[in-house]
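The block underneath contains the structure these notes are about, expressed in structure tokens.
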Amino acid sequence: MSKVSEASLEDVLNEYVDCERTPTYEALNKWIQQYPQFKTDLTEFTANWTLMNELPPASEVKAVDKTTLVLRGMSVFENRLHCLRSQSQSESRKIKGLLAEGLRQGLTITQMAVDCRLSVPIVRKLDQRLISFRSIPNQVIDCLSKEIKCNPIVVADYLKQPMTLAKGAEYRSKEAPKLPAEPQDFFDAIQNDVTIKAQERSYWLSLTPEKK
């Protein structure tokens with residue numbers, strides 16, 4: 001594996017600042033060619049670096065010594081690195097399941113269903129990705145992300161994956177049941193769920209399906 005592929009975002013940004021005295025268009029293109037996997041991060045960082053280097057008015061310069069300016073610059077740099085690192089970790093995180101994450105937070109499937117105005121069968125279907133992602137309202141994704149203390153992007157990525165059967169389930173028949181040909185529409189699942197409360201059914205069916 002090459003050093004380029006092994007380099008972390010923080011290492012690249014540190015090296016970038018060490019090698020380039022000031023941010024320029026030419027320097028940015030050179031670093032993007034060397035580290036194409038960080039194109040967006042390098043571009044955003046360069047924009048912030050450029051803003052940081054803008055000098056204050058002359059009257060203000062006299063009132064601020066060189067040490068203070070350096071400290072301010074380092075503070076902006078460290079904050080930017082922290083934001084990029086947090087974003088990278090959020091985007092790269094994977095979850096094994098909604099119920100598994102809920103269990104880690106001390107939540108039962110019943111509690112998750114109540115908190116998100118759903119039913120136990122619906123939550124289970126979501127966990128097994130038996131409901132079409134394109135039909136799932138954003139309110140569902142937002143609520144589930146709050147329940148399991150996870151970024152909505154991560155929850156959405158999980159719900160986009162292929163359907164699966166319940167892990168560790170014991171089946172009475174000799175063969176495990178087969179997955180349906182297509183995932184179910186969220187609103188059809190709500191309409192046909194006999195366990196969900198009437199007021200919750202009315203709430204969800206009142207929403208306009210969102211295209212994703």
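Odds and ends about this structure:
- The phi-based Karplus calculation (6.51 cos²θ - 1.76 cosθ + 1.60; θ = phi - 60°) puts the 3J(HN,Hα) values of segment 134-139 at 4, 9, 7, x, 4, 4 Hz, whole numbers, x for Gly and Pro.
- Counting every other Cβ atom within 10 Å of each residue's Cβ, Glu26, Glu15, Glu147 order from fewest to most as Glu26, Glu15, Glu147.
- Val114 paired with Asn29, simple spin-label distance in nm, labels 7 Å along Cα-to-beta-carbon: 6.2
- Each of Tyr25, Tyr35 was scored by other Cβ atoms within 10 Å of its Cβ. Arranged with the fewest first, they read Tyr25, Tyr35.
- In this structure the amide hydrogen of Gln184, modeled in the peptide plane, comes within under 5 Å of the amide hydrogens of Ile131, Ser132, none closer than 5 places in sequence on its chain.
- If only the Cβ of Lys and Arg carry +1 and only the Cβ of Asp and Glu carry -1, the dipole of segment 98-205 around its Cα centre is close to 180 debye.
- Net lengthening on full extension, Lys149/Met163 (0.36 nm per residue, minus Cα-Cα): 2.7 nm
- Residue pairs, from the table Lys30/Lys96; Lys125/Lys149; Lys30/Lys160, whose Cα atoms sit over 28 Å apart: Lys30/Lys96; Lys30/Lys160
- Note on Lys197/Glu44: beta-carbon distance plugged into 1/(1 + (r/R0)^6) with R0 of 30 Å gives a FRET efficiency of 0.10.
The numbers here are math on the coordinates, done by the rules we state, and not lab data. Being a predicted model, the structure only gives us computed values, none of them experimental. FYI the Cβ positions are ideal-geometry reconstructions off the backbone, even for glycines, and counts take in every protein chain you see.
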